[in-house]
Amino acid sequence: MDLSGQLAKLFKPAERPHPLEAELSIREGIGTAQKDFDWIERNIPCQKACPAGTDIPAYLTAIAEDRFDDAYRINLRDNIFPGILGRVCSRPCESACRHGYDGLGDSVAICASKRSASDQKQTDPILIDPLFPSTGKTIGIIGSGVAGLAAARNLIRLGHAITIYEKHSEPGGMLNQGIPEFRLPRALIHQEIEQITALGVEIVCNTEIGKNIPLQRLFEKHDALIAAAGTLKPNLPDLPNAHLSGIRHGLDFLLEAHTTGTTVGENVIIIGGGYTAMDCARTARRLGGTIAESNNGKLTIYYRRKKENIRVIPDELDELEHECIPLECDATPLEYLETNGTLTGIRFQRTGSDETFVIPTDTVLLATGQTPDTHWQEAITDPRLFLAGDYATGATDLISAIGHAKKIADEVDTFLMGKPRTEIGIQVESTNPINRTEAMDMLPRQPMPTLDLQERNLTAEVETGYLAPAAKTEAERCYRCNYKFEIEQDKCIKCDWCLKAKPHENCILMLKDISYDEEGKAVKWETTDRVREMNLIWIDSDACTRCGACVNACPVDAISLQKITLTEKPIMEKPA
C-alpha cells in the first residue's frame, strides 16, 4: 500500500454536525443551480465584467499553449469582432482582473492578447457554424454598426434570414465613421464584417429608412425588425454664437478626416473627455503630416470635470502626453467669442468657482456626446420592432453595444419561435494540472510596441501588437480563474501539508464552520489559526492563483481540479 493509502486508513474524517457542501452542485456535467452561476460570477471576474460574456480564461490559455486559431474562435463565438476589439475595446475586463488586486501586480493585458489571436491566426476567414437549420423567418436590421452586425451574426446562426439596411456607402457604423485609421485599420474592419456576410447576411448600403425606403415597407417584408441605428444626433452645447464657422461636431470632423479629407486652423480646441475627444485631438495633430516631438502646436483638450472622471483607458491619456497634446480639466465653456462674425475664442469658467478665462481659437471640435435620432420610428408601437445597442441604451462603447445586441437577438428569436431555443449552463469537467507556477505571478505585464513619433500619420497604426513570444508570455500571467481546486472533505485527513505549501496567506484557510444559504452556496465562514479548533480546510478560489502547490503537497489526493465553463447550447427536444 502506498503512502496515500496508509494515511487514508490511519486518519478518517471527523464527524460533522452538518453535511459539507461542495462549491458546485455537480462534480461533472452541466450544472444549472444558482450556486453554479454564482461561482462563475464570483470567481471569474473578467468574464463577468465583459458585457459580451467572453470566455477570457479559455482564450488566454489557448494563447499560452500556442493555439492562436483556437483563441480567435473563442473570441469570435463570444464577442464577434476579435481583431477590432483587440484594438479599440474599452477593456472593462482588465479593471476586474484579479491579477490587478492589491499586491498582485498589474492586470493581464487581456485586450492586447485578444489582438494577438487575430494577428497570429491563419489568414483565411474563420466562420462560426449554425446552431439551427433555416426557420423560414426573415429579420430586417436597421444599421450596420457593431450592434446591428452582432445581432445579425447571432440570428443567422439561429436559422433566420437577415437583411441589414445601412444609410452610408459602406457597413461598419462608428468603426468606419468615428474611429481613426491609426487606431483601427480599415482592412481589418472589412475582414471581420466579411466573416458575417459569408454566413449569408445581406447588407444593403445607401439605404436610409424613412428616406429611401419607408419603415412600413420593412414591416411588410420581414417578420421582425431591429433598430440598431446608433447615436448620430449630436449633443451640442447651447452657447452664444454657436452658429459661427469653425465650430464642428467631433464625429463630423472624424468622418471627413478619414474619407473626403479636411483641415483645421492654427488654434484648435477640443471640448470633451471621452474617446471622441481623444480621437479628434490625435487626428487634428496629424493633419499637418507626421508627428515630431517638438510639434506642440496650439491644440488643447478642455474637459469640465476632473481628470479622474475621464472615461477612457489609461493608455489613451498616455498617448496624449506622448503626442504632446495638453489636457485642461475643470474648464466649462460659457460662450464663443467673435470679431466681425469670425470665431476668435472661447470664454471658460473654472468648474466650481467664479473664475473665467478666455482662450483664442479658430477651430472648435465638440466631443460632447450624441443621442439616437428617432424621428423615423416615432409613434411606431409595433411589437415586431426591437431596439438594440446604443440606439436602445444611449451612447456606451463597442463591447456594451455588442453585449446588448446579443441579448436582443435572443429576445427576437424567442418572439419569432414562441419559446427560448438555447439555454445557459455551467460545464464542469475534471482536468489535469495546468502547469502554472508561482514564478508566473511575478512576470511583468508586456508593454505594447508602438510606432516612433516621426512614423505616425493619419493611416499608420500606432500600436503594432505583440509578437507570438510576448503574447504567450503575457497569457501565462493569467491566473486561469476558470480552474477550481477544491478539497474533498471526505478524503481530507487534516494533515496541514497544503497549508504549509500555500504561496499566499489566505488562499487556503482553516475553518471552524461554514454557513450556507438555502441553495447550498457558502455565504460566510469562520476562520481559526488553532489546529484543535479546525473542522475543515478550505480553498478560497478568489485568493487562489492556481499554482497547484497544494495538489502536489497533499499525501492522500484529497484535492480535485475541475475546469468550469459558461456554456450556451440548443435546448434538446424531449421525445414524445
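The values are calculated or read from the model by the stated rules, or taken from the named source; none is laboratory data. Note that the structure is predicted; figures quoted are calculated from it, not measured. Every residue, glycine among them, receives a Cβ derived from its backbone with ideal geometry; neighbour counts consider all protein chains shown. Just so you know, the surface numbers come from the protein's heavy atoms only, side chains and all, with ligands and any DNA or RNA stripped out. Shrake-Rupley method; radii C 1.70, N 1.55, O 1.52, S 1.80 Å.
What are the lysines whose alpha-carbon lies under 24 Å from the alpha-carbon of Lys306, with same-chain residues fewer than 8 places away excluded?
Filter leaves Lys298.
Of the heavy-atom accessible surface of the chain (probe 1.4 angstrom), what whole percent is carbon and sulfur?
So the carbon and sulfur contribution to the accessible surface is 49 percent.
How big is the chain on each of its three principal axes, counting only the C-alpha atoms and giving the largest first in Å?
97, 62, 47
Pairs of alpha-carbon atoms within less than 8 angstrom and 6+ residues apart define the contacts here; what relative contact order does the chain have, in percent?
About 20 percent, as a whole number.
Give the cross-link partners of Lys233 among the lysines, using a straight C-alpha distance below 17 Å as the criterion and excluding same-chain residues fewer than 8 apart.
Reachable lysines: Lys167, Lys211.
For every other residue with a beta carbon closer than 12 angstrom to the beta carbon of Ala198, add +1 if it is Lys or Arg and -1 if Asp or Glu, then tell me the sum.
In short, -3.
Would you mind calculating the relative contact order of segment 113-222 from Cα pairs under 8 angstrom and at least 6 residues apart, reporting the percent as a whole number?
Dividing the mean separation by the residue count of segment 113-222 yields 30 percent.
Which of the peptides 301-308, 347-354, 477-484 is most tightly packed, and how do the rest follow, judged by the mean count of other Cβ atoms within 10 Å per residue?
Answer by packing, highest mean first, reads 477-484, 301-308, 347-354.
If you rank Ser144, Ser430, Ser134 by how much accessible surface each has, with a 1.4 Å probe, what is the order from largest down?
Greatest to least solvent exposure: Ser134, Ser430, Ser144.
Kindly express, to the nearest 10 degrees and within the range 0 to 90, the angle between helix 186-197's C-alpha long axis and the longest C-alpha principal axis of the chain.
Once rounded, one gets 60 degrees.
Compute the relative contact order of segment 247-362 as a whole-number percentage, counting only Cα pairs closer than 8 Å that sit 6 or more residues apart in sequence.
The normalised contact order for segment 247-362 reaches 22 percent.
Using a 1.4 Å probe and ignoring any ligands, DNA or RNA, find the accessible area of His375 and quote it in Å² to the nearest 10.
Approximately 110 Å² of His375 is accessible to the 1.4 Å probe.
Of the options Ala152, Thr138, Ile128, report the single residue whose Cα projects farthest towards the positive end of the charge dipole of segment 55-161 (beta-carbon charges: Lys, Arg +1; Asp, Glu -1).
It is Thr138.
Exceeding 24 Å between C-alpha atoms, which entries from my cross-link table qualify? They are Lys48/Lys491; Lys137/Lys419; Lys407/Lys524.
Lys48/Lys491; Lys407/Lys524
Please list Ile128, Ile571 from largest to smallest accessible area, probe radius 1.4 Å, with all protein chains kept in place.
Descending accessible area places them as Ile571, Ile128.
So if I take the centroid of the Cα atoms in segment 287-363 and the same for segment 395-422, what is the distance between those two points in Å?
Distance between centres, Cα-based: 39 Å.
Let me have the 222 nm mean residue ellipticity of the chain computed from DSSP H runs of 4+ only, each contributing -39500 (n - 2.57), with the sum over all residues rounded to the nearest 500.
-8500 deg cm²/dmol
Per residue, what accessible area does the chain have, given a 1.4 Å probe and all protein chains present, in Å²?
46 Å²
With +1 assigned to the C-beta of every Lys and Arg and -1 to the C-beta of every Asp and Glu, and no other charges, what is the dipole magnitude of the chain about the Cα centre in debye, to the nearest 20?
It comes to approximately 740 debye.
Please report how far the C-alpha centroid of segment 228-250 lies from that of segment 522-576, rounded to the nearest whole angstrom.
Comparing the Cα centres of segment 228-250 and segment 522-576, I get a distance of 54 Å.
Nearest 5 is fine: what % of DSSP beta bridges in the chain come out antiparallel, could you say?
Within the chain, antiparallel bridges account for around 60 percent of the total.
Counting only protein chains, not ligands or nucleic acids, how are Lys569, Lys524, Lys211 ordered by accessible area (probe 1.4 Å), most first?
Final ranking, largest accessible area leading: Lys211, Lys524, Lys569.
Starting from the Cα of Lys121, draw a straight line to each of the lysines and keep only those under 20 Å, dropping any in the same chain fewer than 8 residues away.
Of all the lysines, those that pass the test against Lys121 - Cα under 20 Å, at least 8 places apart if same chain - are Lys472.
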